[in-house]
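First comes the structure, then the notes that go with it.
The values are calculated or read from the model by the stated rules, or taken from the named source; none is laboratory data. Just so we're clear, the structure is a prediction, and the values are computed from it rather than from any experiment. Please note: Cβ atoms are built from the backbone with ideal geometry, for glycine as well, and neighbour counts cover all protein chains shown. Side chains included, ligands, DNA and RNA excluded: accessible areas come from the protein's heavy atoms. Shrake-Rupley method; radii C 1.70, N 1.55, O 1.52, S 1.80 Å.
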Amino acid sequence: MAAMLLLNASAQNGYTITGTAEGTEKGDTIFLCDMQGFFAMVPLDTAIVKKGKFEFTGSFDGCTHRYLVATHKGETIGMAAIMLENAPINVQMFKDEQKNIIEGGPCAQLWAEYEAGAKVFDDRMAADWSVCLDTTVAEKSKIKERLLVSTYSDDRKNYTKRFMLQHVGTPVADYLLAQTQRDFSKEEYEQLLELFGQQPNQYRVYKGIMEQRAIDKRTAVGARYTDFSMPDPNGKMVSISDYVTKNKYTLIDFWASWCGPCRAEMPTVVKAYDLYHAKGFEVVGVSLDNNKEAWVKAISQMKMPWPHMSDIKGWGCAGAALYNVRAIPANVLIDQQGNIVAKNLRGEDLLNKMAELLQ
C-alpha cells in the first residue's frame, strides 16, 4: 500500500510548501535551500511572508532533502529540514528547531520509517564509538568495540539495501540508490539497475546514472567524436569539426585559467604541439572559465598558440558536458576520420602517444 501511495504521489504535477515562521513579519524572506559542502546553505528559491504565511511551488523528479531558512530583517531566525516531493507540504517553523511541525507527503512518511529502523544501528554504533574515543580506556580494551562498530556499520548498510529493495519503484528507493550503489558487487549493481529500469516510474538518481552511462559509451575510445561549436576569444563561432577534418590528429583539451593542475600540465601540451604540429597534430583548447578576461590572459601567459573556444559558463560548459568531463585537465584525441583514439593523456603519456602515431 505504501508503495502504491508513493507512486500515486509521484504522479502529481508538483509540490506546494506552505507554512508559518515564528518571528517573521510581512515582507521577510524565506529561503528554500540545498545543503552543499560543510553545511553551506545554497538558496534555490525564495518566498516572501504575506499575512503571516509563506508559500513555495514547483516540481521535483523524485524526492530529496531540502532546508527552509527563515530570515527577519536579513538575519536568520529559524530553519527546518523537509523531504521535498511532489505533494502538499505544511511547515510550522519556530526559532527553536526542536519545536518545528512538519506535515510531509508519502515520501516523508516512508523516509521516517527508514530512519526509525536505521536509528537502531546508529545507537548501537554510538555507544561503542564512545568507548573507542574514550582516552581513559586502554587500547587493548577497545578492540572489541572497534569490531562491533564495524559489524554494526555493515548491518546498517545491509538494512539500507533491504529497505531500498523492498520499496523499489518509489522516489525514496531512488534517493537511497545514490547511497547504496557502492555497497553492491559489480554483478549485483548491474542487476539492481535492471530492476530499477523495469519499474513503471524512474526518477532523477536512476535516470542520472543511465544518462551518465550513455555519455560514457558515446565518448569511449573507438566511438565517433561529437562535434560542438563555441566562440573563440574574438567572439567568432568555431567548431571542433573545423580542425578534425584538416589534421591527422586533434586533441580537445579541457582546461581553465583557475585550474592549478591544468597550468602544471600545459607545458607538456605546448611541447607536444611544438614537436608534432607540423606533422599533422592540432590542439583545440576548450576553457571552463567563467571570466573571459582571465581566460584570454592565461592563453597569452602560457603561450598556447592553438585555437581556443569557450562559452564562459564554467562547469556549465556545454562542450565539457558532451564529453562527460567531471574533472580537469581532461582531453580527447581524435583522428582525421573522426574516431576517438585516446582519452586523458597526461604528461609523458601524451608525448609517447603522439610519438607512436606521428613519428
(request) Would you point out the residue of region 128-139, among those that are in a helix (DSSP H, G or I) and modelled with pLDDT of 70 or more, that is least open to solvent (accessible area, probe 1.4 Å)? (result) Ser130
(request) Identify the residue in region 230-249 that is over 23 Å from Ala272 (Cα atoms) and touching a residue at least 24 places away in the same chain (Cβ under 8 Å) and, among all such residues, is least open to solvent (accessible area, probe 1.4 Å). (result) Met230
(message) Which residue is farthest from Ser59 (Cα to Cα), if the candidates are limited to region 104-114 and must be out of contact with any Asp or Glu (no Cβ under 8 Å at 6 or more places or on another chain) and open to solvent by less than 70 Å² (accessible area, probe 1.4 Å)?
(response) Tyr114
(request) Hey, can you tell me all the residues within region 258-288 that are assigned to a loop (DSSP other than H, G, I, E, B), surrounded by fewer than 22 Cβ atoms within 10 Å (Cβ to Cβ), touching a residue at least 40 places away in the same chain (Cβ under 8 Å) and within 27 Å of the chain's Cα centre (by Cα)? (result) Cys259
(request) Residue by residue through region 289-302, note down the ones that are acidic (Asp, Glu) and without any contact (Cβ under 8 Å) to a residue 12 or more places away in the chain. (result) Glu293
(request) Quick one: which residue in Ile89, Ile101, Ile77 is surrounded by 12 or more Cβ atoms within 10 Å (Cβ to Cβ), in contact with a Gly (Cβ under 6 Å, 6 or more places away or on another chain) and more than 30 Å from Asn201 (Cα to Cα)? (result) Ile77
